[in-house]
1. Return the loop-located chymotrypsin sites (Phe, Trp or Tyr not before Pro) in region 1-71 (DSSP other than H, G, I, E, B) with at most 13 other Cβ atoms within 10 Å of their own Cβ; answer none if there are none.
2. Got a sec to turn the phi values of region 27-43 into Karplus ³J(HN,Hα) couplings, 6.51 cos²θ - 1.76 cosθ + 1.60 with θ = phi - 60°, whole Hz, x for Gly and Pro?
3. Once Rh for region 17-85 is found with the Kirkwood sum over Cα pairs, what is the Stokes-Einstein diffusion coefficient at 20 °C and 1.002 mPa s, in µm²/s?
4. Taking every pair of Cα atoms in region 18-57, average 1/r, invert it to obtain the Kirkwood radius, and report Rg/Rh to two decimals.
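Just so you know, all these numbers are worked out from the coordinates, no wet-lab data involved. Quick caveat: nothing in here was measured; it's all calculated off a predicted structure. Every residue, glycine as well, gets a Cβ built from its backbone with ideal geometry; the counts of neighbours run over all protein chains shown.
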Amino acid sequence: MNIHPDWDSSQLEESLQEISTTVWAIGKQCQGDSHCLLTLLRALECLHRDIREQLFEPSLPNTRNALSNLLREIEETGGWPYIERMRLQALLKKLAADEDPQKREQP
């Protein structure tokens with residue numbers, strides 16, 4: 001992976017580790033509070049989208065060969081970054097499994 005000339009790869013890793021540590025600490029503070037955790041996840045998703053749209057997409061190569069090389073590098077180094085959303089059906093199954101079976105039988 002090519003690192004911007006102003007960034008040493010160890011500096012980048014260190015900065016990203018600091019960010020990860022901070023985000024994890026916020027998550028731990030929100031533990032047990034689904035509204036707080038949802039707010040954190042939404043903020044991360046928004047940040048991901050903004051970086052992708054405003055910084056990453058404009059930086060994409062404008063030749064087929066360069067784009068092909070970038071795509072090959074992306075696949076070789078871990079794939080495309082993606083933030084998965086919880087599926088509604090999975091959430092409903094979890095709720096159904098947690099629900100008292102007697103409550104489901106009553107009208």
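1. Working: sites: Trp7, Trp24, Phe56; in loops: Trp7.
Filter output for region 1-71: Trp7.
2. Result, ordered by residue: x, 5, 5, 8, 3, x, 10, 4, 5, 5, 5, 5, 4, 4, 4, 5, 5 Hz.
3. 150 µm²/s
4. Answer for region 18-57: 1.08.
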